[in-house]
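In what follows, a single structure is set out as structure tokens and then discussed.
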Amino acid sequence: MPQAQLPPSPYTTLCRREAPEFQRAARSGDELLVACTQESRLFLELAELTAGAPGLAERPIRFVNIRETAGWSADGAAATPKIAALIAAAQLPDPEPVATVTYRSAGRCLVIGPAEAAERAAAMLGAGLQASLLVTAPGALAQRRAGAVHAGQLTRLTGWLGNFEAGWTAANAIDLDLCTRCNACIAACPEGAIGFDYQVDLAACRSHRDCVRVCEAAGAIDFERAPRETSATFDLVLDLRAAPAFTQHAPPQGYFHAGSDERKLAAAVLALRDLVGEFDKPRFLQYKARLCAHSRNEQIGCRACIEVCSARAIRSDASLKGKTRVAPARDRTQPAVPVAGGLGGGVIVEPMLCVGCGACTSVCPSGALAYSTPSTLDQGRVLRTLLSTYARAGGRGAALLVHSREAGARMVEDLGRAARTDRAIRGLPARVIPLAVWHVASVGIDLWLAAIALGASNVWVLLTDEEAPEYRQALAEQMAHAQAVLAGLGYAGTHFSLLEARDARDLAALDAALQASPAQGVARPAALAPQADKRATLDIAIDHLLAQAPGPVPDAIALPAAGAPWGTLAVDADKCTLCLACVGACPEGALADNPDAPQLRFVEGNCVQCGLCATTCPEGAIRLEPRLWLADGGKARQRLRVLAEASPYQCIRCGKPFGTVRAIESMMLKLAGHSMFQGAAAERLKMCSDCRVIDMHSNAGEIRISDL
């Protein structure tokens, strides 16, 4: 099918009787779009086997599912606008490729757990992996040893696929890695304190030490050996203990926790066998340190990305502001790499741990973290194509259903199939347009509000068992802010919702939720294109929503405090000394001084409510007030306004203003009892910097070291 055109006569049984028609189209050289995903493997194989057809590398074949998402529904007859939208979006060019990171695994696998379970799992791994055992609970060991065996308790496990470092303590007198399992010690021990676990039961041992004598050649038994810490590196880890080494929702790639679950063990073994070689993964995120509101001068502000990351791939870099840090080497055989201090004071994102959920980009208020796969520009292009095509084809009240490409897509397809066989299930309504994304947490408030401005009536996010609890909370908080904005502008109804479905038992509830009536949308959809800059997208969307607002617009819309992306500052005039420490702390340029007068000025549109100004203020004079300020048609929030001002303090020698009355009086009060600021030194505190130097030189004979 030529791009951007519908076929003149759609095929109805293309994957069977009419497969030759697909082969003729493949030979034509035109771009192909198959409006069914069920037999995608068959079509790809047909294309490869068709003589004269371009290779898939030269002309990829695109697929879009219109059967379960549109046709198999009680509203199937009215789904033409949705089908047109899905087909148009499927024909968009692929996103630009992004940089990748590479895992390298030689198959060195550490198996952690009880003796018998660990040996059994190591045997299941097969010869393709080099298994080493860390026995954490004694048990009978096989007479023949296939690989390295250690006994002890795991104390440390860090890293990722191809680069794990494990540490453990060993306290038993017998070193399992040196033991040859000749059984001489078992025979020699008069108390029977050594069994086929090849460990000494110290409660039964009476210190005859006959075992040491018979093991002299191997040297595996040493009662004088102090408990020791051992470490080693591995490519893969299989953990058979009850409690996993990693407790986060998304453990590092290459780590598998099976416990005592046989099904998990079988799945882990199959996965581990495939993890030998080199593996590329997209670098999912872009980080702009200059926009980051995490920290300044070792003061902590925004922690949204660190708290939401389910892989613990983001950590604070607050202590390194303005310094040179050393980036850890990707390969432990290579030296660490010094990196300029530009990242100091922000966060560090470890791409080897990142799983690409994108939740950090959604909660980031400044846009310092941006999603790359696809980018915001690519996601915005899909949104605009879907909604504009739907509207041009006569569709009304569009609802976007954002779902993941894996579990979410399966749930949507299951709903369509259920509608085919169960009269109680209606399936996706004609107005509900599914939008598959890599992960639902990667799409946040900027794109949601942009979608409403582009003509959508609702944005729903489908959550499955893939999502971490942190994502649910973060998405719910953002939806509360987005809904508060629309409600404040007078748009009626509930525009944003989280829908949950884990398995087939939830299909009925999901189906009922999707039948909701449209919320009030804009009268005229925008022609905007979401920008790469998150704040710019938010500003464009809000400006259009404000222009189309159906009701009276207030000067300000109050927002929930948790994670608010906009707001103002309340400055306590009785406490503020206008020291302007907050100006230096503000990472977004929202706070500014006035070189001509003692003033603290503020651009509300730049404020991301990170709180750095409040934590930096030595007087505790600043308080955050989440809101969206809409005075003067929203233009006021982009202008400088004065938050605090004070009378200038005049130099007692020349009369030049050089500070504020409150600041100088506060300084003098704090230093009144200090021995270094008595007499002439105290008077110099009341002078400007020039007069202070003049006074010190004119009274050089009286100057003490303390005066300097």
So between Leu377 and Asp30, what do we pick up on full extension, going 0.36 nm a residue minus the alpha carbon distance?
-> 122.2 nm
So the FRET efficiency between Glu307 and Ala570, C-beta based with R0 = 25 Å and rounded to 0.05, is 0.50
For segment 618-666, one quarter of the surface area of the C-alpha convex hull, expressed in nm², comes to 5.3 nm²
Rounded to the nearest 500, what is the 222 nm mean residue ellipticity of the chain from helices alone, with -39500 (n - 2.57) per DSSP H run of 4+ residues and division by all residues?
-> -8000 deg cm²/dmol
May I ask you to list the aspartates and glutamates whose Cα is less than 15 Å away from that of Lys82, ignoring any residue fewer than eight positions away on the same chain?
-> Glu68
Between Arg505 and Arg641, with labels modelled 7 Å along Cα→Cβ, what's the label distance in nm to one decimal, could you check?
-> 5.3 nm
Once Asp201 and Leu178 are pulled to full extension, the length gained, defined as 0.36 nm per residue separation minus their Cα-Cα distance, is 6.5 nm
In cubic angstrom, how much convex hull volume per residue do the alpha carbon atoms of the chain span?
-> 247 Å³
State log₁₀ I(q)/I(0) for segment 138-255 at q = 0.14, 0.18, 0.19 Å⁻¹ as given by the Debye formula over alpha-carbon point scatterers of equal weight, solvent excluded.
-> -0.67, -0.96, -1.03
How much length is gained if the chain between Gln678 and Phe246 is pulled fully straight, taking 0.36 nm per residue apart and subtracting their Cα-Cα distance, in nm to one decimal?
-> 149.6 nm
Equivalent-ellipsoid semi-axes of segment 31-115, from the Cα gyration tensor, Å, largest first | 36, 22, 16
XL table Lys635/Lys686; Lys264/Lys288; Lys288/Lys670; Lys575/Lys656; Lys575/Lys686; Cα-Cα > 31 Å flagged, in table order, is Lys635/Lys686; Lys264/Lys288; Lys288/Lys670
Based on the Cβ-Cβ distance of Asp280 and Glu191, what FRET efficiency does E = 1/(1 + (r/R0)^6) give at R0 = 56 Å, to the nearest 0.05?
-> 0.45
Using alpha carbon centroids, what distance separates segment 514-537 and segment 267-288, in Å?
-> 36 Å
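We did not get these values from a lab; they are worked out from the coordinates using the rules stated. These numbers were taken from a predicted model, which means no experiment stands behind them. Methodologically, a virtual Cβ is constructed for each residue, glycine included, from the backbone with ideal geometry; neighbour enumeration extends over all protein chains shown.
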